[in-house]
Amino acid sequence: MGGRDSEPEDFDDRISGWHHSLSWGDNTESVAPYVPTPLNVVRQMLIIAEIGPDDVLYDLGCGDGRILFTAVEEFNISRAVGFELNPRMVESTRLKIEDRGLNGKIKVVEGNFFEEDFSEASVITLYLTTSGNAKLRPKFHDELRSGARIVSHDFPIVDWITAKHDQGYYSVGSHKIYFYRIPQAYNSKAPEKKEQEDRWDRLKRLFDRG
Ligand SMILES: C[S@@+](CC[C@H](N)C(=O)[O-])C[C@H]1O[C@@H](n2cnc3c(N)ncnc32)[C@H](O)[C@@H]1O
């Protein structure tokens, strides 16, 4: 009586094993399988994104909610919203939110983030795939306001320019962190080159006329 075995399971015991049945193909709307970001990488992502109390963070594909909890509990952010397709993960994360008394600060939306509006977000976190990021690019372009930041674990947003001074990524062990600021991220090399060509075209026309 009263021994360790008769004590109620703690929260992590209750939810452990819930996630193991997940795989890439569970949902046709999925652009990434469930793989959690290690917590030291989560912290670095949030440091790089310079998050603070005034930010509203959206984690697209929030898994077990670790980015949301770290942002609120360690970085004092007042609002973090996660989107997740998998109903069991949503349920377990909501239980955790309840358990920790964070209902006013963290919200998890069950469903496909492609159907959501991102305009409220000042910071977006991603751990998806390069092709998933590319599919999101037009939405980011249309919906994110100037000053918004995007921080992506391991996968870049192709054709966009990172905000790191040498335009590369940050490394945390073998993990990469890509960081973008809106609207500087849009300044791809291609339009500049085109502008230069247009200038030459104009000059050529002037010479041809003369
Ligand atoms: C690699 S995990 C990342 C989990 C968490 N963000 C982290 O970094 O620990 C990607 C998550 O995105 C979810 N996901 C993939 N496509 C999605 C979509 N279209 N809408 C909502 N969630 C999606 C998957 O179910 C999975 O849990």
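Quantify how much of the Cα-Cα distance distribution of region 84-155 extends past 16 Å, in percent.
I get 58 percent for the Cα pairs in region 84-155 exceeding 16 Å.
Once both labels are modelled 7 Å past Cα along the beta-carbon direction, what's the residue 29-residue 91 spacing in nm?
It is 1.8 nm.
Could you give me the ³J(HN,Hα) list for region 110-118, computed from phi with Karplus coefficients 6.51, -1.76, 1.60 and θ = phi - 60°, whole Hz, x at Gly and Pro?
Here the 3J(HN,Hα) series is 7, x, 7, 5, 5, 9, 9, 9, 9 Hz.
Throughout, read-outs are computed from the coordinates displayed, never taken from laboratory work. Just so you know, these numbers come straight off a predicted model, no measurement behind them. Neighbour counts run over all protein chains shown; Cβ positions are idealised from the backbone, glycine included.
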